Amino acid sequence: MARAMAADIPDEPGWATAKTLAEALPYIQVYDRATVVSTYGGHATGEEGLAKLFAADAVLLKLLGVHPVVVHGGGPQISAMLERAGVKSTFVDGLRVTDAPTMEVAEMVLSGAINKEIASWITQAGATADVRGVGLSGKDAGLIMVEKASRTRRDSDEPVDLGFVGEPSRVDPKLIEGLINSNDDYVPVVAPIGVSQTGETYNINADTVAGALAVALKAKRMLLLTDVAGVLGEDGELIRQMSLAEARAAVASGVVKGGMIPKLETAIAAVEGGVEAVVILDGRRPHAMLVELFTEHGAGTLVRA
């Protein structure tokens, strides 16, 4: 009787995993020693299960030869802490006005609790292989210098003073480059806090920070993890890929609305700045980063030149 071949028993434990790894090989080689900047925001911060999965995926990327850099937000946690502290938030066109007391709480939450928690999850997930998360903010080693952000109301040209809300004016990537190119395995985790030339602390949009870092680090990919599948067309279907021209047209025509507009604008700016491609994808789905980087199908909407 002929001996059964492995192909005859596809359900045998282990073979499906081996097949998946083999299929990922071409993509693993594409990203070998490449920098990938990823956001980690409101879709997952504060949810321990998602945090652990994200941390494990970041460790896996590092062990596969990729240099992941994580930029996180924390709007919901800032709001909760402000409420507990009795600090009232004011919003203009959906943007939080950050006065001095609010900035103090924002820095405490972002650079303290959230930043160190994410770094700790990465360190725990990578303990066996000694992959370590390193928590930073834009204030460390002059990483991110900022200028005060200027905005006008949507329904008029009236200027709005958002207080201590900034835009990156200069990014010095030396600190992060030193970490990712070290002989040891470090994963930088960056809080979106920067400092002005006069030493004042400013809060920055996390996607904006990710875009600025991706350009400065000459990243191959930037992953904007959000709470939707990606950019949706007029028919409500996911747009798998967009050129810069198509992305600009989607914003100008009103096809893209609400919070997706600044994400797409960030993607456009990053690609124009030299990032090979930006992907907007659903960070609530487990292993979204791995599906995007290491499978033929990818995930979300890819924006490239």
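Take the conditions surrounded by fewer than 19 Cβ atoms within 10 Å (Cβ to Cβ), aliphatic (A, V, I, L, M) and closer than 21 Å to TYR31 by Cβ and apply them to ALA299. Does it pass? Give the derivation first.
Details: surrounded by fewer than 19 Cβ atoms within 10 Å (Cβ to Cβ): no; aliphatic (A, V, I, L, M): yes; closer than 21 Å to TYR31 by Cβ: yes.
So ALA299 does not fit the description; no.
Filter region 253-283 down to residues that are over 23 Å from ALA212 (Cα atoms) and either of a type in the set (A, V, I, L, M) or part of a helix (DSSP H, G or I) (or both) and give me whichever is least open to solvent (accessible area, probe 1.4 Å).
Ranking the qualifying residues of region 253-283, first place goes to VAL255.
What tally of residues in region 90-129 results from selecting those that are in contact (Cβ under 8 Å) with a residue 60 or more places away in the chain, open to solvent by 50 Å² or more (accessible area, probe 1.4 Å) and polar (S, T, N, Q)?
Residues meeting the conditions: 1.
Checking the conditions here, which among ASP185, ASP227, ASP140 is under 18 Å from the mean Cα position of the chain (by Cα), on the phi < 0 side of the Ramachandran plot and acidic (Asp, Glu)?
Sole residue among the options that is under 18 Å from the mean Cα position of the chain (by Cα), on the phi < 0 side of the Ramachandran plot and acidic (Asp, Glu): ASP227.
GLY73 is checked against (1) more than 30 Å from MET289 (Cβ to Cβ); (2) open to solvent by less than 20 Å² (accessible area, probe 1.4 Å) and fails just one. What number does that condition carry?
(1)
Conditions (1) within 16 Å of GLU104 (Cβ to Cβ); (2) open to solvent by 60 Å² or more (accessible area, probe 1.4 Å); (3) touching a Gly at 6+ places or on another chain (Cβ under 9 Å); (4) in a helix (DSSP H, G or I), marked per residue:
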position: GLY49; (1), (2), (3), (4): no, no, no, yes
position: ALA56; (1), (2), (3), (4): no, no, yes, yes
position: LEU61; (1), (2), (3), (4): no, no, no, yes
position: GLY65; (1), (2), (3), (4): no, no, no, no
position: VAL69; (1), (2), (3), (4): no, no, no, no
position: ILE78; (1), (2), (3), (4): yes, no, no, yes
position: LEU82; (1), (2), (3), (4): yes, no, no, yes
position: LYS88; (1), (2), (3), (4): yes, yes, no, no
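Return the only residue of VAL109, VAL87, VAL146 being in contact with a helix residue (DSSP H, G or I) (Cβ under 6 Å, 6 or more places away or on another chain) and modelled with pLDDT of 90 or more.
Testing whether each residue is in contact with a helix residue (DSSP H, G or I) (Cβ under 6 Å, 6 or more places away or on another chain) and modelled with pLDDT of 90 or more leaves just VAL109.
The values are calculated or read from the model by the stated rules, or taken from the named source; none is laboratory data. Computed from a prediction, not measured in an experiment: that's the story for all the values here. Glycine gets a Cβ as well: all are built from the backbone with ideal geometry, and neighbour counts include every protein chain shown. Accessible surface areas use protein heavy atoms only, side chains included; no ligands, DNA or RNA. Shrake-Rupley method; radii C 1.70, N 1.55, O 1.52, S 1.80 Å.
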